[in-house]
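Report on the structure given below.
The values are calculated or read from the model by the stated rules, or taken from the named source; none is laboratory data. Here the structure is a predicted model, which is why all the values come from computation and not from measurement. Don't worry about glycine lacking a Cβ; one is built from the backbone with ideal geometry, like all the others, and counts go over all protein chains shown.
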Amino acid sequence: MIDLRSDTVTQPTAAMRQAMAEAVVGDDVYGEDPTVSRLELEAARLLKKAAALYVPTATMANQIALLSHTERGDEVFLDEDAHIYYYEAGAPAMLAGVTCHLLPHTAGVIDAQVLAAAIRPANVHHPRPRLLVVEDTHNRSGGSAVPASMLAPAIAVARQHDLAVHMDGARLFNAAVALSIAPSDLAADVDTVTLCLSKGLGAPLGALLVGPAALIERARRYRKQLGGGMRQAGIVAAAGLYGLEYHVQRLSQDHRRAQLLAKSLSTVPGFSVVLPPVPTNMVMVDVTGSNIGGMDRVLREAAAAGIGLSAVGPCRLRLVTHLDISDADIEVAVAFFRRLAAEQD
């Protein structure tokens, strides 16, 4: 199957599996797994933060960040398409008990003046403004890599109002590679960062919350409460370490293939490619102008052809490249779309 649904579908490489098999392990809840400790230290070093916490998923890392930064009833500011709000099953309300104040954005960037106007003065009638969330890359903007300079004005406003700042950086390494910048530079102005290991880096599971030592120690307790404390977790942490060492720079190949896919699909009648200002490994395809019989038919025909596609709206597809997608796979996928368009002539 040529699976373009997401970069979460990757399989561990043979070398990654070998690293997992040879991992030295211990009980991480007791703080005794040396491989987990190495992974946490490496993530903190890469982002130039004090500490990191290994957790099963990026969603858990994000929700632990909310819990660690806020108290129940506090107000969190984030864009209206943020992954934390859109794709995490209402967890901010259920777990942290916070109010999500949704703001408009442009390719993942919240306007500083809009944020300033949204932050209400201290008053017994208002929730306490406590946290700004930014996202890089921005998922629902087609994997847009957001330069630090574009996030800086809103972050400056947050600081003026004593807000903490969390970055959902699940695909931060994609952003860093696309922008030719160190990941630590992208994360320099935020307090905490979520990193996902099971997307472009190809690990079977795992994520990290990176930030100040005191906050990460608080986060460790929340991890335990949420059931995220793992025992001999070094077996899977080894995959994350391998991904950090060997799979970051190769993300440029995923980006190249995404652009090849976008360029080819832009010439197929009835399909419109929507690209963000700084693209990475995602291609958004609008099928509004096609005469193909609806999204259900596209997905059904693709599945029959052995191609996995994901709908992110009634008329929009999201195609994601990753380490298990080759140039030949791109050619097959494009040929499928050409065939589908030709059948409508």
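Counting residues that are touching a helix residue (DSSP H, G or I) at 6+ places or on another chain (Cβ under 9 Å), of a type in the set (A, V, I, L, M, F, W, C) and outside the structural domain of A302 (by TED's automatic domain parsing), which helices (runs of 4 or more DSSP H) fully inside region 1-109 reach at least 2?
14-21, 34-47, 58-69
Report every pair of residues separated by at least 6 positions or lying on different chains whose Cβ atoms are under 8 Å apart, first residue within region 1-29 and more than 29 Å from A258 (Cα to Cα), second acidic (D, E).
From residues that are more than 29 Å from A258 (Cα to Cα), the pairs are V25/D33; G26/E32; G26/D33; D27/D33.
Would you be able to say whether some residue in region 81-91 is among the hydroxyl-bearing types (S, T, Y) and buried (at least 24 other Cβ atoms within 10 Å of the Cβ)?
no
Table: residues versus (1) hydrophobic (A, V, I, L, M, F, W, C); (2) more than 25 Å from A116 (Cβ to Cβ); (3) touching a residue at least 24 places away in the same chain (Cβ under 8 Å).
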{"position": "F173", "(1), (2), (3)": "yes, yes, yes"}
{"position": "T194", "(1), (2), (3)": "no, yes, yes"}
{"position": "Q225", "(1), (2), (3)": "no, yes, no"}
{"position": "M230", "(1), (2), (3)": "yes, yes, yes"}
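With respect to P127, determine if the residue is under 22 Å from the mean Cα position of the chain (by Cα) and in contact (Cβ under 8 Å) with a residue 40 or more places away in the chain.
Judged against the criteria, P127 is not a match.
Quick check on my filter: what residues within region 60-93 are farther than 22 Å from A117 by Cα and of a type in the set (G, A, S)?
Across region 60-93, the qualifying residues are A61, A65, S68, A89, G90, A91, A93.
So that you can scan it fast, the table gives a plain yes or no per residue for (1) of a type in the set (K, R); (2) crowded, with 22+ Cβ neighbours inside 10 Å; (3) touching a Pro at 6+ places or on another chain (Cβ under 8 Å):
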{"site": "A15", "(1), (2), (3)": "no, no, no"}
{"site": "D27", "(1), (2), (3)": "no, no, no"}
{"site": "T35", "(1), (2), (3)": "no, yes, no"}
{"site": "A44", "(1), (2), (3)": "no, no, no"}
{"site": "I64", "(1), (2), (3)": "no, yes, no"}
{"site": "F77", "(1), (2), (3)": "no, yes, yes"}
{"site": "L95", "(1), (2), (3)": "no, no, no"}
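With respect to the numbered conditions (1) closer than 30 Å to D27 by Cα; (2) out of contact with any Leu (no Cβ under 9 Å at 6 or more places or on another chain); (3) of a type in the set (A, V, I, L, M), which one is the sole condition not fulfilled by I181?
(1)
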